[in-house]
1. Scan region 86-108 residue by residue and report those that are in a strand (DSSP E or B) and among the charged types (D, E, K, R).
2. When you look at residue 149, is it polar (S, T, N, Q), at pLDDT below 95 and assigned to a strand (DSSP E or B), yes or no?
3. Taking residue 87 as meeting all but one of (1) among the polar types (S, T, N, Q); (2) out of contact with any Gly (no Cβ under 9 Å at 6 or more places or on another chain); (3) closer than 28 Å to residue 48 by Cβ, write down the number of the exception.
4. Return the residue satisfying two criteria in turn: it lies in region 98-130 and is surrounded by 15 or more Cβ atoms within 10 Å (Cβ to Cβ) and either among the polar types (S, T, N, Q) or touching a Phe, Trp or Tyr at 6+ places or on another chain (Cβ under 9 Å) (or both), and of such residues it is nearest to residue 187 (Cα to Cα).
5. Somewhere in region 74-97, is a residue in contact (Cβ under 8 Å) with a residue 40 or more places away in the chain, out of contact with any Asp or Glu (no Cβ under 9 Å at 6 or more places or on another chain), surrounded by fewer than 14 Cβ atoms within 10 Å (Cβ to Cβ) and among the hydrophobic types (A, V, I, L, M, F, W, C)?
6. Kindly indicate which of 111, 83 is in the same structural domain as residue 161 (by TED's automatic domain parsing) and not in a strand (DSSP E or B).
7. Taking the conditions exactly as written (of a type in the set (Asp, Glu), modelled with pLDDT of 95 or more and either over 26 Å from residue 64 (Cα atoms) or surrounded by fewer than 17 Cβ atoms within 10 Å (Cβ to Cβ) (or both)), does residue 133 satisfy them or not?
Amino acid sequence: MINQNHKTPKLTVGALVGIITVVFLASVTSISATTNNETETQTFPCRDATVVYNVEGTSPLGQLVGTATYKVVEVNENSYTVSVNNTGNLNRLPAFGETQTKTLSLDQPISFASVIQEASIVGEKAFKINGREIKISKYHLETEKEYGTETISVFMPKKLKVPLIVYYKYGDKFRIHIELAKTNIDYLR
């Protein structure tokens, strides 16, 4: 039996306008987030963000070949923690060593933070990645050391603290090329 005393709530014009406005604003916000070339669809750093670099080079110890994987394991209000794991024969170099965990401030890049802190920006270029144009800064650091000049160049997007390519040279003893191989960070895919 149907209850005839039950009243169906009626929407007032003001309530209907409010609902339509909320739906419209949500749609516009979603569209602008996906159509702006410089907008990131995820923030960085975020938990489980992973960056894998291919590493190749020469040293007095012979050829160096392997990968360096950086994974964000924790994000706090002012910092984030990264686990670094290397494969291949990279453990021959102290800079790559064993698996390590390090904590960085939110404004520091996921890798090569100390280099970027000391380096100067010497140029900027725009590159296309999957039809989008992103701006890349070139950081350069040159230091005189015991066995010659140490030169490090890092190429990193202006909007995202993830180096894409690193060139390292120390006299005629070391030459290392490090390049982003894969990542789950949307902005770089």
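The values are calculated or read from the model by the stated rules, or taken from the named source; none is laboratory data. What you are looking at is a predicted structure, and each value in this text was computed from that prediction instead of being measured. Cβ coordinates were reconstructed from backbone atoms using ideal geometry, including for glycine residues, and neighbour counts include every protein chain displayed.
1. So in region 86-108, the residues in a strand (DSSP E or B) come out as 86, 100-105.
Correct list: 102 only.
2. On the way: polar (S, T, N, Q): yes; at pLDDT below 95: no; assigned to a strand (DSSP E or B): yes.
Here the answer is no, as residue 149 does not meet what is asked.
3. Here residue 87 meets the rest and fails (2).
4. 110
5. Within region 74-97, not a single residue is in contact (Cβ under 8 Å) with a residue 40 or more places away in the chain, out of contact with any Asp or Glu (no Cβ under 9 Å at 6 or more places or on another chain), surrounded by fewer than 14 Cβ atoms within 10 Å (Cβ to Cβ) and among the hydrophobic types (A, V, I, L, M, F, W, C).
6. Details: 83 fails: not in a strand (DSSP E or B).
None of the others qualify; the one that does is 111.
7. Working: of a type in the set (Asp, Glu): yes; modelled with pLDDT of 95 or more: no; either over 26 Å from residue 64 (Cα atoms) or surrounded by fewer than 17 Cβ atoms within 10 Å (Cβ to Cβ) (or both): yes.
No: the conditions fail for residue 133.
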